[in-house]
Amino acid sequence: GDFEQNISNNGDDELAELITAFNQMTEKLAKLEKIRKESASDLAHELRTPLTTIKGYIEAFEDGKISLDQENIDELKEEIARMVALIEKLKEFAEAQNKVFNLKTEKIQINELIKNVSKKRQRQIKSKNLKLNLELENGIIIEADRDSLIQILNNLIENAVKYNRENGEINIKSYQENNKIIIQISDTGYGISEEDLPYIFERFYRADKSRSAKNGGTGIGLAVTKELIKAHGAEIEVESNKSGSSFKIIFPSFKEK
Ligand code: ADP
């Protein structure tokens, strides 16, 4: 009767749900794999482009087609600077990889660190005419590796500057909630699309390719940031819409032993 019908319908529904979930998972895995391949090849491409340009200049000079005047030299220097910046980032990535297995934790006054790191960004913040607001709860101490924490904050604040609008704002908060310590860094930039959001912590992934490339992005910063955060037993969360992005680092609260 009706009852049996119900049971078998439920069974079918569950199976259908499982199949859908499975398909979605497979799709997501395939997409991740594709992103990894594309992104690594983007990076290789980005290293090769300046080299090709430099090679072109040198050959043209050799053939007597151009003279090495100041303008050409500046052009060459710019290409070299781009490569150096990229290699710097790769080095940072390799170092963070080692760091993950070698954390030297100590008690850190988080607010002091936030102030110091943001001070070092003053020039960039000014040049974009951004307003930096700090809202720091008194006396928060966490047990963490100082270098890692500096790198984490640096990366998130750097992005909050890079991907912000002119005359925008950066808000940094620290507070305790439900036995957790939270550092929140939000900006008033263009945000990250819903499509890109699940992948921004992947190595070499860049959302909005043109804007990221223009900003000298490599897609390494957030991958490093996330690994360092995980190594501390902490979490990172992101929310974003068209009027800005907000990153939360969530530390388990530090208990005096
Ligand atoms: P990148 O060197 O490209 O900045 P990240 O790993 O730091 O690399 O970030 C990955 C991508 O995520 C960036 O290319 C950018 O598209 C996006 N992104 C990161 N932070 C922000 C932010 N605060 N606002 C908007 N987009 C961001």
Only Lys, Arg (+1) and Asp, Glu (-1) charged, at Cβ; the chain dipole about Cα centre in debye: 1280
For segment 23-88, with the dipole built from +1 on Lys and Arg beta-carbon atoms and -1 on Asp and Glu ones, taken about the Cα centre, which of A81, L29, L43 lies farthest toward the positive end? L29
In whole Hz, the Karplus estimates of ³J(HN,Hα) for segment 85-92 (6.51, -1.76, 1.60; θ = phi - 60°; x where Gly or Pro) are 4, 5, 5, 4, 5, 5, 5, 4
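What fraction of the DSSP beta bridges in the chain is antiparallel, stated in percent and rounded to the nearest 5? Numbers along the way, then the final one.
Working: 27 of 33 bridges.
Taking every DSSP beta bridge with both residues in the chain, the antiparallel ones total about 80 percent.
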Charges at C-beta only: +1 for Lys and Arg, -1 for Asp and Glu. How large is the resulting dipole of segment 138-257 about its Cα centre, in Debye rounded to 20? 160
How large is the translational diffusion coefficient of segment 1-122 in µm² per second when you combine the Kirkwood radius over alpha carbon pairs with Stokes-Einstein at 25 °C and 0.890 mPa s? 116
For segment 145-228, listing GluC sites (Glu not before Pro) in a DSSP loop whose Cβ sees at most 14 other Cβ atoms within 10 Å gives E166, E194, E195
Of all trypsin sites (Lys or Arg not before Pro) in segment 15-47, the ones in DSSP coil with at most 14 other Cβ atoms within 10 Å are none
More than 30 angstrom apart: percent of Cα pairs within the chain: 43
For segment 103-236: accessible area per residue (Å², 1.4 Å): 50
Give the lysines reachable from K28 as a straight Cα distance under 19 Å; neighbours fewer than 8 places away on the same chain don't count. K37
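Report the gain in length on full extension from K37 to S193: 0.36 nm times residue separation, minus Cα-Cα distance, nm rounded to one decimal. Mind dumping the intermediate values first?
Values: separation 156, 0.36 × 156 = 56.16 nm, distance 2.09 nm.
Length gained, K37 through S193: 54.1 nm.
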Which one, L156, Y199, S174, projects farthest toward the positive side of the charge dipole computed for segment 102-257 from Cβ point charges (K/R +1, D/E -1)? L156
Of the listed pairs K77/K115; K104/K126; K89/K242; K77/K242; K91/K162; K34/K115, those with alpha carbons more than 32 Å apart are K77/K115; K104/K126; K77/K242; K34/K115
If you bin every alpha carbon distance in segment 102-142 into 10 Å steps from zero, what whole percent lands in each bin? 25, 41, 26, 8
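Once the convex hull of the C-alpha atoms of segment 7-73 is built, how many Å³ does it hold per residue, rounded to a whole number? Display every interim value, and only then the final one.
Details: hull volume 5.9 nm³, N = 67.
That works out to 88 Å³ per residue.
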Which semi-axis lengths, in whole Å and largest first, follow from the square roots of five times the eigenvalues of the Cα gyration tensor of segment 102-177? 24, 14, 9
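Can you compute the helix-only [θ] at 222 nm over the chain? Use -39500 (n - 2.57) per DSSP H run of at least 4 residues, normalise by all residues, nearest 500 deg cm²/dmol. Walk me through the intermediate numbers first.
Working: 7 runs with 141 residues, N = 257.
After summing the helix terms and dividing by the residues of the chain, the value is -19000 deg cm²/dmol.
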Radius of gyration, Dmax [segment 109-253; alpha carbons; angstrom]: 14.4, 42
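The values are calculated or read from the model by the stated rules, or taken from the named source; none is laboratory data. Worth saying up front: this structure is predicted, and the values here are computed from it rather than measured. Positions of Cβ are generated from backbone atoms using ideal geometry, with glycine treated the same way; all protein chains shown enter the neighbour counts. Ligands, DNA and RNA are excluded from the accessible area calculation, which covers all protein heavy atoms including side chains. Shrake-Rupley method; radii C 1.70, N 1.55, O 1.52, S 1.80 Å.
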